[in-house]
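The values are calculated or read from the model by the stated rules, or taken from the named source; none is laboratory data. Computed from a predicted structure; not experimentally measured. Because the Cβ atoms are built from the backbone with ideal geometry, glycine has one as well, and the counts that use them run over all protein chains shown.
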Amino acid sequence: MYNDLTWRTLHRVINQTISDMLDEQQTINVLSLRARLHERAEKEEDEVMVLCYWQASKILMRLPPSVTAEQLIQAARHAFRTPLDHDLL
């Protein structure tokens, strides 16, 4: 159950970060998304959320830098619907 909550939190963190960057009309790719997640982790006071930001960034390290925002969103949606033992990201 805890793994499910953690994965849902990571999914929400990545999607919210992408959404915020789109609202700010920033370029979105793996490197810029990871940089934003690092910024959020540095500003966050809740230790659990700091770990979530760092874990989300770690997940993105597996992707090539050329992945687009649309591909990131699709991968996050797919991973959210996929069983925990299947690791798309």
*asked:* Can you pull out every residue in region 10-33 that is among the β-branched types (Val, Ile, Thr), farther than 15 Å from Trp54 by Cβ and either touching a residue at least 60 places away in the same chain (Cβ under 8 Å) or in a helix (DSSP H, G or I) (or both)?
replied: Ile18, Val30
*Hey, could you check region 14-67 for residues that are hydrophobic (A, V, I, L, M, F, W, C) and in contact with a Phe, Trp or Tyr (Cβ under 6 Å, 6 or more places away or on another chain) and say which is surrounded by the most Cβ atoms within 10 Å (Cβ to Cβ)?*
Leu37
*Taking region 1-51 as the search range and keeping residues that are out of contact with any helix residue (DSSP H, G or I) (no Cβ under 8 Å at 6 or more places or on another chain) and among the basic types (Lys, Arg), which one is modelled with the highest pLDDT?*
Lys43
